[in-house]
């Protein structure tokens, strides 16, 4: 049984997945580097049905452009509703080089948090987009770290 087939897991519509992606700016990029998976935080923006991000030369760029599929995930928790959500985008990454595409990507305001030159603009063309929302199990308040965001809604 797939997790999204469970009655306590709500499968998100494509439009809601895109909206959640648009409403956030940080995700985790999963790539394959030298035959093993690796994950990197990225600041991103949604642009024309795809995700764009900036990066410098290095392992993340190598993995993204290595002709293997990539994945990106964002997730969150709403303390008001006590619901968590997760969105996963799978696709093919390529470097943006055409001037009109660079203009579009720059208009999308991809602003990396980490300083330094980020001369490569990467676009993930979406092959699959899925999301889910689910109730979060109440934490054992006495054993959960004080920083656990779930605590506030139960205290």
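The values are calculated or read from the model by the stated rules, or taken from the named source; none is laboratory data. These numbers were taken from a predicted model, which means no experiment stands behind them. Glycine also receives a Cβ, built like all others from the backbone with ideal geometry; neighbour counts cover every protein chain displayed.
Structure values in brief
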{"read-out": "Scope region 63-85; condition part of a loop (DSSP other than H, G, I, E, B) and either in contact with a helix residue (DSSP H, G or I) (Cβ under 8 Å, 6 or more places away or on another chain) or farther than 10 Å from residue 122 by Cα (or both); matching residues", "value": "66, 67, 68, 69, 79, 80, 81, 82"}
{"read-out": "Residue among 139, 145 that alone is in a loop (DSSP other than H, G, I, E, B), loosely packed, with under 10 Cβ neighbours inside 10 Å, more than 16 Å from the chain's Cα centre (by Cα) and modelled with pLDDT under 80", "value": "145"}
{"read-out": "Of residues in region 96-123 being in contact with a helix residue (DSSP H, G or I) (Cβ under 8 Å, 6 or more places away or on another chain) and outside any loop (DSSP other than H, G, I, E, B), the one nearest to residue 63 (Cα to Cα)", "value": "122"}
{"read-out": "Residue among 22, 60 that alone is closer than 17 Å to residue 96 by Cβ and part of a helix (DSSP H, G or I)", "value": "60"}
{"read-out": "Residue count, region 47-85 (criterion: at pLDDT 90 or above, within 20 Å of residue 17 (Cβ to Cβ) and buried (at least 18 other Cβ atoms within 10 Å of the Cβ))", "value": "9"}
{"read-out": "Region 26-42, residues that are surrounded by 18 or more Cβ atoms within 10 Å (Cβ to Cβ) and under 20 Å from residue 117 (Cα atoms)", "value": "27, 29, 40, 42"}
